[in-house]
1. Among the numbered criteria (1) farther than 18 Å from B:Arg158 by Cα; (2) open to solvent by 10 Å² or more (accessible area, probe 1.4 Å); (3) at pLDDT 95 or above, which one does B:Gln185 miss?
2. Of the residues that make up segment B:208-227, is at least one open to solvent by less than 10 Å² (accessible area, probe 1.4 Å), more than 10 Å from every other protein chain (Cβ to nearest Cβ), β-branched (Val, Ile, Thr) and touching a residue at least 40 places away in the same chain (Cβ under 8 Å)?
3. Kindly indicate whether B:Ala171 is within 16 Å of ligand 2 (Cβ to nearest atom) and in the same structural domain as B:Phe44 (by TED's automatic domain parsing).
4. Picking from B:Ile141, B:Ile168, B:Ile199, B:Ile192, which residue would you name as being among the aliphatic types (A, V, I, L, M) and surrounded by fewer than 16 Cβ atoms within 10 Å (Cβ to Cβ)?
5. Please find, among B:Asp125, B:Asp121, the residue that is touching a residue at least 24 places away in the same chain (Cβ under 8 Å) and surrounded by 13 or more Cβ atoms within 10 Å (Cβ to Cβ).
6. Exactly one condition in (1) more than 16 Å from ligand 2 (Cβ to nearest atom); (2) assigned to a loop (DSSP other than H, G, I, E, B); (3) aliphatic (A, V, I, L, M) is not met by B:Val193; state its number.
7. For segment B:91-118, what are the residues that are more than 15 Å from ligand 2 (Cβ to nearest atom), open to solvent by 30 Å² or more (accessible area, probe 1.4 Å) and either aliphatic (A, V, I, L, M) or not assigned by TED's automatic domain parsing to the domain that holds B:Val45 (or both)?
8. How many residues does segment B:24-60 contain that are within 16 Å of ligand 2 (Cβ to nearest atom) and farther than 22 Å from B:Cys233 by Cα?
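The values are calculated or read from the model by the stated rules, or taken from the named source; none is laboratory data. Note that the structure is a prediction, hence the values are computed from the model and not measured. All Cβ positions, even for glycine, are placed from backbone atoms using ideal geometry, and neighbour counts span all protein chains on display. These area figures cover heavy atoms from the full protein model, side chains too; ligands, DNA and RNA do not enter into them. Shrake-Rupley method; radii C 1.70, N 1.55, O 1.52, S 1.80 Å.
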Amino acid sequence: MTTENTTTPASGTTAVEGERYSPENPAPVIEPPRARTTRTPRSTRTNFELYGWLFMRLSGILLVFLVIGHLLIQLVLDGGVSKVSFAFVAGRWASPFWMAWDLIMLWLAMLHGANGMRTIINDYAQRDNTRFWLKVLLYTATTFTILLGTLVIFTFDPNIR
Amino acid sequence: MSTATVEKPEAGAADSAASHKITVTFRIRRFNPEISADASWQDFVIDIDPKERVLDALHQIKWEEDGTLTFRRSCAHGICGSDAMRINGRNRLACKTLIKDLNPAKPITVEAIKGLTVLKDLIVDMEPFFQAYRDVMPFLITSGNEPTRERRQSAADRERFDDTTKCILCAACTSSCPVFWNDGQYFGPAAIVNAHRFIFDSRDEAGEQRLEILNDKDGVWRCRTTFNCTDACPRGIEVTKAIAEVKQALITRRF
Ligand code: SF4
Ligand code: FES
């Protein structure tokens, strides 16, 4: 015995006559995005993806220490977040060690995050145009943040007031 | 069946066979472009021995209930790789899945594998899948004269790629991969498994070329180690491990 789900589309009653499908006039099938064909571009012979993959692993390991250290110093140790002020930052950036720490953390975190976002865009953006513009936005934002951060770290003036 | 009680006095043997049967609902994703542009779920309620396989149930439905149900199968014994489908949300071979292992108390859903164009009911267009397979050059490449006898190989060298020789190209892995779902340009696990089979074969000489192909932006680096492929593979191939070995070979080759 067979029980059929009557899955008539909502527009079933008002269906236009032209929407009827037949063996001569089959409905279009739904193709998945960006299917591989014989025309799929051949190898570009670069190691960019290899280095990107390695960079994610190595920078990830470094960032664990840098970020956890940063959070501990800023938020937990020595009175917690209430101690963070202009004078506190000025005091820390007087030492090249903390300047280097923050600079490395900025670059690694931004590049790590941008590469991760690039991967996500590659995975999820289906149309080539969407991909392109999302990446333009991503790279602009990344470059801007890295440059601005670097500029501040190097040109920081503790006597600005 | 409603006639079971009537048959009882005269056909005791038939009854004991029938009493093994249970009633199972198969909820099958139907699509026929010659009738409608929309796919829909259709329920079939059949009496079947729970020790039978999903493929047997599909046969029973096709032969006794609805001849328009369309699916691929050939060997019916897990060798040809034609009947990979999504059963209860997991990619499996219908011919290797017993109904009793699927909780037959609830409706069993059967649908086409994902990420490939559905042509009708459970049949998908496998061409992009085989294109990726062809693109990794899945054949022995050597130089020099062909030996008069066989190409010899030590047992240890053979063991190196034994796992990936087991692939039957069913596409269960590739069509369970979320990266492939969104971007068909990705080679997919099956192509990488079959490249692995030759890359690590001591008799083959084109390992470098295949590594170069898989080093590209749609190659192994797109793998997110989701492990869906390893879970899906009906041959028990450690697919994600094979992909990781190709990654490792690429890195050690470079450094
Ligand atoms: S690796 Fe396993 S799941 Fe993938 S195509 Fe081969 S047999 Fe099928
Ligand atoms: S029919 Fe051949 S693998 Fe299932």
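1. (3)
2. The answer is no; no qualifying residue exists.
3. no
4. Only one candidate qualifies: B:Ile141.
5. B:Asp121
6. (2)
7. Matches in segment B:91-118: B:Ala105, B:Val118.
8. 2
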